[in-house]
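Here's the structure we're looking at; comments come further down.
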Amino acid sequence: MNEILERIQQSSHITVIAHVNPDADSLGGASAMYTHILRLHKKVSFFCASTNLNQKLSFLPWFDKIRSSFPPSSDLAISFDCASQERLGIDLERDLINVDHHKSNIHFGKFSLIDANCISTTEVLYNFFTQNGIEINKKMATALYAGLLEDSNGFMSNKVDGTTFALGSKLIAQGADYRVCHQFIMHYLTLGAFRLKGLMQTNMELLNDGRIAIFCVSNEDMKRTGAIGTDCEYALEEALYLPTVEISLLLLQNYDLSIKGSLRSKNRLDVSAIASQLGGGGHLNRAGFNIKNGVSLESTKIEMLKLIHKDM
């Protein structure tokens, strides 16, 4: 931690990085650090390679500062919630501080601040701030709470324990606007997401005596509904509310015909072990992977079912 503090102090222009297709944990961590760096009276930039950001996260502090072009004058980068370099969406030629909580993190970058025991990257960052006597203001508390809320699945994840609720309570006491966080993260829905959710529910397949829910979403489905990639997660998550479903699988065809896979599970079914076989990773109950060789949705579904059956 001392090396990280020293490197931040030495830098003149720092860029905080949220991963491609960012969630509240990645953006929340970057937002909180952005605030801290501003208080140090240093030049700071907010980078995310994705251009079509989910507007449900627009309540986060400094959302309007996010840019998809990396500033060339930056002499230090800090990434949040990126388990691999690919998640950065850019090749960097400068020092990087890697802040994360994924057990699959490969410890890339010059410095790493990683704790797989934390439920969110924002919890890792909260610990960093408090252990180094860094005051958390209202903006930082809201950003950190947002990441905690989303990565704990609204405090319903199997990883939630007394520490999680204690952290939430501390952040609220420090000024986190928890009502806004819950309103946007748990309930925000665009028209595109609303339309896509109905389409996905209609086309959902239930296999293996209803234990596996599968969603195959084509690029045409996305165009027709006007949805974005993260909109698929509503139906994916809600499928686990069905009493028989133990694993929920999404296969999303991108515009370039690559496929983004997402896995969700309940109980102790480790979907990160499945994702890792395809070069992906994640957590026990939430994981993802990408397939870039242009295979069809149907053939990918068949291969995924083989992998899932091995682990059930």
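The values are calculated or read from the model by the stated rules, or taken from the named source; none is laboratory data. Because the structure is a prediction, the values reported are computed rather than measured. All Cβ positions, glycine included, derive from the backbone under ideal geometry; neighbour counts span all protein chains shown. Accessible surface areas use protein heavy atoms only, side chains included; no ligands, DNA or RNA. Shrake-Rupley method; radii C 1.70, N 1.55, O 1.52, S 1.80 Å.
Solvent-accessible area assigned to carbon and sulfur over the chain amounts to 49 percent, based on a 1.4 Å probe.
Ranked by the mean number of other Cβ atoms within 10 Å of their residues, highest first, the peptides 93-106, 230-243, 293-306 come out as 93-106, 230-243, 293-306.
Based on Cα contacts under 8 Å between residues 6+ apart, region 161-312 shows a relative contact order of 15 percent. Taking 109, 282, 133 as the candidate residues, the one with maximal mean-square fluctuation in a Gaussian network model of the chain, Cα springs under 10 Å, is 133.
Each residue of region 118-130 was assigned a 3J(HN,Hα) from its phi angle through the Karplus expression (A = 6.51, B = -1.76, C = 1.60, θ = phi - 60°), giving 7, 6, 8, 5, 5, 5, 4, 5, 4, 4, 4, 4, 5 Hz with x at Gly and Pro.
The aspartates and glutamates within cross-link reach of residue 170, meaning a Cα-to-Cα straight distance under 18 Å and a gap of 8 or more places when in the same chain, are 25, 123, 135, 150, 151, 161. Taking a straight line from the alpha carbon of residue 43, these lysines sit under 20 Å away, with near neighbours fewer than eight places off in the same chain left out: 65, 139.
At an R0 of 41 angstrom, the distance between the Cβ atoms of residue 306 and residue 180 translates into a FRET efficiency of 0.40.
Label zone (residue 290, point 7 Å along Cα-to-C-beta; backbone nitrogen cut-off 12 Å) within region 78-93: 83-91. Please give the length that would be gained between residue 189 and residue 92 if that part of the chain were fully extended, namely 0.36 nm times their separation in residues minus their C-alpha to C-alpha distance (nm, one decimal). In short, 31.5 nm is gained. Annotation for residue 103 and residue 69: the two label points, set 7 Å from Cα along the Cα-Cβ direction, are 4.2 nm apart. With both residues required to sit in the chain, DSSP beta bridges show an antiparallel share near 40%. Between amide H atoms placed 1.01 Å from N, distances below 5 Å from residue 76 occur with 13, 15, all of them 5 or more places distant or on a separate chain. Ranking 277, 82, 178 by how far each Cα lies toward the positive end of the dipole of the chain (charges on Cβ) leaves 178 at the top. Residues in region 86-94 carry Karplus couplings, in order, of 4, 5, 5, x, 7, 8, 9, 10, 8 Hz; the curve used is 6.51 cos²θ - 1.76 cosθ + 1.60 with θ = phi - 60°, and Gly or Pro positions show x.
Find how many whole Å separate the alpha carbon centroid of region 296-311 from the alpha carbon centroid of region 1-60. So the separation of the two Cα centres works out to 37 Å. Mind checking which of 235, 31, 299 is farthest towards the positive end of the chain's charge dipole, using Cβ charges of +1 (Lys, Arg) and -1 (Asp, Glu) about the Cα centre? Checking the options against the dipole of the chain, the answer is 31. Secondary-structure-derived ellipticity at 222 nm for the chain, considering helices only, amounts to -11500 deg cm²/dmol, per-run term -39500 (n - 2.57) for DSSP H runs with n ≥ 4. Here the alpha carbons of region 1-144 define both size measures, Rg and Dmax, at 13.5, 36 Å.
Normalised by the number of residues in region 7-93, the average gap of Cα pairs under 8 Å and 6 or more apart makes the relative contact order 43 percent. Basic side chains Lys and Arg get +1 at the Cβ, acidic Asp and Glu get -1 at the Cβ, and with that the dipole of the chain about its Cα centre reaches some 420 debye. Net charge of the neighbourhood of residue 137, taken over other residues with C-beta under 13 Å away and scored Lys/Arg +1, Asp/Glu -1, is +1. Heavy-atom accessible surface of the chain, averaged per residue, reaches 45 Å², computed with a 1.4 Å probe.
Taking a straight line from the alpha carbon of residue 223, these lysines sit under 25 Å away, with near neighbours fewer than eight places off in the same chain left out: 56, 197, 260, 292, 301.
Applying the Karplus relation 6.51 cos²θ - 1.76 cosθ + 1.60 with θ = phi - 60° to region 230-241 yields 3J(HN,Hα) values of 5, 5, 5, 6, 4, 5, 4, 6, 5, 4, 6, 6 Hz, where x marks Gly and Pro.
Evaluated at q = 0.10, 0.13, 0.14 Å⁻¹, the base-10 log of the normalised Debye intensity for the chain, with identical point scatterers placed on the Cα atoms, takes the values -0.55, -0.93, -1.08.
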